[in-house]
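> Handing you this structure, nothing more for now.
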């Protein structure tokens, strides 16, 4: 059995490593939106309010005050159409921080069985 570690990532894989979140001003993904793949200390410069979001990849910590202050909430991939009522938030999202992920790819090849398998691991740092 042979094992090869792959270190080159495609642009789609890099987006998955970086993470992607879209914030919407109103509930149910309505109103203006702001998309980011990095930390945002003050969302008020992009949106006047934020009441729903969609995490397309990665994980994020969101805060109800600017500069990563106040109550914090962990968001993983998924849709949050009205997260204020789901999570009991008293205010809307004001800042967010991406949670870094480490990725490991391993290609395993077994010449006796004549197939290859890709093993995938995601580790939060």
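> Which residues, counting only those in segment 22-50, are on the phi > 0 side of the Ramachandran plot and exposed (fewer than 14 other Cβ atoms within 10 Å of the Cβ)?
Hit for segment 22-50 is 28, nothing else.
> Among the candidates 78, 88, single out the residue that is at pLDDT 90 or above and either surrounded by fewer than 17 Cβ atoms within 10 Å (Cβ to Cβ) or within 14 Å of residue 29 (Cβ to Cβ) (or both).
Unique residue meeting the criteria: 78.
> If you check residue 51 against the conditions, is it farther than 19 Å from residue 99 by Cβ and at pLDDT 95 or above?
For residue 51, the condition - farther than 19 Å from residue 99 by Cβ and at pLDDT 95 or above - is not met.
The values are calculated or read from the model by the stated rules, or taken from the named source; none is laboratory data. No experiment lies behind these values; they were computed from the predicted model shown. Cβ: placed from backbone, ideal geometry, glycine included. Neighbour counts: every protein chain shown.
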